[in-house]
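Structure first, then comments.
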Amino acid sequence: MNEVTTTPAVLILLGPPGAGKGTQARLLEERFGLIQLSTGDLLRAAVAAGTPAGRAAKSVMEAGGLVSDDTVLAILADRMAGADVRAGVILDGFPRTAGQAEALDGLLARTGQKVGAAISLEVDDEAMVGRVAGRFTCATCGEGYHDTGKPTARAGTCDKCGGTAFKRRADDNAETARARLQAYHAQTAPLIAHYRTLGVLESVDAMGAIGDIADALGTIVARQTG
Ligand SMILES: [Zn+2]
């Protein structure tokens, strides 16, 4: 560990809804002292802090518009200069386009930084659809179940609280899940290509156990955080 001279690692985590990106990002934060930065959190914090970029974002959002890439980048630059960003950051939800990825590269280059790794959580689409489509939760205690993956021990009764009412989200069906995955792949393909060209793309099989996925991610991140 050499906190004085180590440049904070800049990591990008890519993964479709349901791939466990949030869980894995939290585990990486705990293990490596990284800070996860999602675009929504960044914008909210900047607006609350009233920074110049935050004020710019606020007026756009109040008018119902989309915050420009330049403003998001300015907010990101402010945040990455924060005293608590020592080990590095995990970017979640930004960049979303190849243009934003190039803009991010330019921003980082100004401080001698670059993206250390863009890690793609790889999933089997049809298996993912099956996972999502069978989900339900106990209406009383919120315990999560799955028709085939984790059924209740006694049909119609929650293992945890004995409740007999269950909820299914309307969008937890195969058709919606498949559409979400297709949208994800379409949106992410240019980013994957960008980071592959830069030689920093890493792929992790995200269909296994949470611990195994965390280990695979940890191996990659350990190389970045020294
Ligand atoms: Zn329950």
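General observations
- Annotation for region 63-86: at least one member residue is of a type in the set (Asp, Glu), part of a loop (DSSP other than H, G, I, E, B), more than 30 Å from Met128 (Cβ to Cβ) and out of contact with any helix residue (DSSP H, G or I) (no Cβ under 8 Å at 6 or more places or on another chain).
- Candidates in region 169-190 are the residues that are assigned to a helix (DSSP H, G or I) and either hydroxyl-bearing (Ser, Thr, Tyr) or touching a helix residue (DSSP H, G or I) at 6+ places or on another chain (Cβ under 6 Å) (or both); of these, the one that is farthest from Arg96 (Cα to Cα) is Ala174.
- Wholly enclosed strands (runs of 3 or more DSSP E) of region 93-168 bearing at least 1 residues among the small types (Gly, Ala, Ser): 117-122, 144-146
- Residue that is farthest from the ligand (Cβ to nearest atom), among those in region 163-175 that are within 9 Å of Ala133 (Cα to Cα) and not small (Gly, Ala, Ser): Glu175
- Per-region count, region 114-162, residues among the polar types (S, T, N, Q) and within 16 Å of the ligand (Cβ to nearest atom): 4
- For the residues Ala83, Ala56, Ala98, the requirement of being over 20 Å from the mean Cα position of the chain (by Cα) and within 28 Å of Thr23 (Cβ to Cβ) singles out Ala83.
- One residue from Thr137, Thr157, Thr176 being surrounded by 13 or more Cβ atoms within 10 Å (Cβ to Cβ), closer than 20 Å to Thr23 by Cα and β-branched (Val, Ile, Thr): Thr137
- Residue in region 58-103 that is modelled with the lowest pLDDT, counting only those that are surrounded by 13 or more Cβ atoms within 10 Å (Cβ to Cβ) and on the phi > 0 side of the Ramachandran plot: Gly93
The values are calculated or read from the model by the stated rules, or taken from the named source; none is laboratory data. This one's a predicted model, so the numbers in the text were calculated from it and none came from an experiment. So basically every Cβ, Gly included, is an ideal-geometry build from the backbone, and we count neighbours across all protein chains shown.
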